[in-house]
Structure formats: C-alpha cells, structure tokens
Amino acid sequence: MHFSVSNCTEKLRDAWFRPVYTVRHIQEAHMNTASWTALLVLGIDVLLVPSRAGVSARQHTSAALHIGSNDIGGVVTSAKGPEAGVWVIAETTDLPTKFAKIVVTDDFGRFVLPDLPQSTYNVWVRGYGLVDSPKVTATPGKIMNLKAVIAPSPHAAAQYYPAGYWFSLIRVPAKSEFPVRGLAATEFRRTSEASPSGYGI
C-alpha cells in the first residue's frame, strides 16, 4: 500500500468529519422525534377543540324536543344566537279563569311549557336585556320556535323588568338615620318597639 502525505490528510479529514452515532445520539434522536410528534398532536387537538364545541352546541340546540299532547316546546333565539335563561310565557283567557304559565329556557335556549289545559295560548319571550317579543298563537302538542327581541337601549329593557327587581333596589333607612328628637323621639321609639317591622309600620 502506498502512503503519502495527501492520502494521510484525506483519511484524517474523513475520520474527523464522519458522524459518530453512539447510543446517546440515538436516544436523543428518538426523544426529539417523540417531542415533535407530541407537539403536532397537541396542536391538532387545540385546533379541533373549537369545532368540537361548535358541533356539540349545534347538536344540543337542534336536538329534537319530546313533548306531550298537553305541552308546547321549542327553542328561543335572537340575533346573538340561542337565548338561555329567558322567560317563555303562555297565557290564555279562553278558560273559565285567566290562565298563565311561565318557564325558563335552558343553556341552549330550549323550553317546554308542560301540562297545559287544552286552549289557544298567546306565547311570547321576556327577559333582562330584551323587550317583549310579539305574541304568537299556539295550541298544546306543537313545537314552536320563538324569536327574542334585543332591547334597543337599557331604558327600553327596564320597562319590562318585574316588580321584584325594582323592590330589590330599595334600601330601608336605619333607625339612626331618622332625625327625631325630644318628645317626638320618645314616641317614635315606643311605636317602633311595638311594631313588628321595627319602623313604626
């Protein structure tokens, strides 16, 4: 075999730059591959979560309601989509006495007015942030979808709030806030102590 300086130089260069694959290198390669695979799967899953949620919501909303011959059911929607937590009111004056029934929609805007006496009902939607929807005529045993009407302003919406809402805003003054002195104060205390409410009422 012929040895020369150039041959030795080439052999040294090849030996220096040739990759050396040890057990550690192979393990690191497997770990990197596994990490990238996990990240890819996680990214795909994150991308699919919104679509899964959307499909689930549509399935719940569009799921067929099972009602009896004495029920009225359906879905309430508005320009913002299904309306959860709003009142659906059914009212009639065709019975011997005026009759009304109120239910609340579920998270997907669905409702069922159960066990209604056979009659013709006016049905409409009411709720916070809404104005009363147009009344729709319905009879028991039918599915009917209702359209909620978003209030054009807070002032318009407040016109439909129940009396209990306004009553909840009332704060009765404490006894110490009544500026009563002298003989009038003595009479006021006596009346207050005798009154169940404690305010002389």
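Below, the figures for the structure above:
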| quantity | calculated |
| --- | --- |
| Subset of the range 140-160 [of a type in the set (Ser, Thr, Tyr) and loosely packed, with under 14 Cβ neighbours inside 10 Å] | 153 |
| Residue list for the range 91-128, filter: closer than 29 Å to residue 152 by Cβ, surrounded by fewer than 17 Cβ atoms within 10 Å (Cβ to Cβ) and of a type outside the set (Val, Ile, Thr) | 91, 100, 106, 107, 122, 128 |
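Read-outs: derived from the displayed coordinates by stated rules, not from any lab. Computed from a predicted model, the values in this text were never measured in an experiment. Cβ atoms come from the backbone with ideal geometry, glycine included; neighbour counts cover every protein chain shown.
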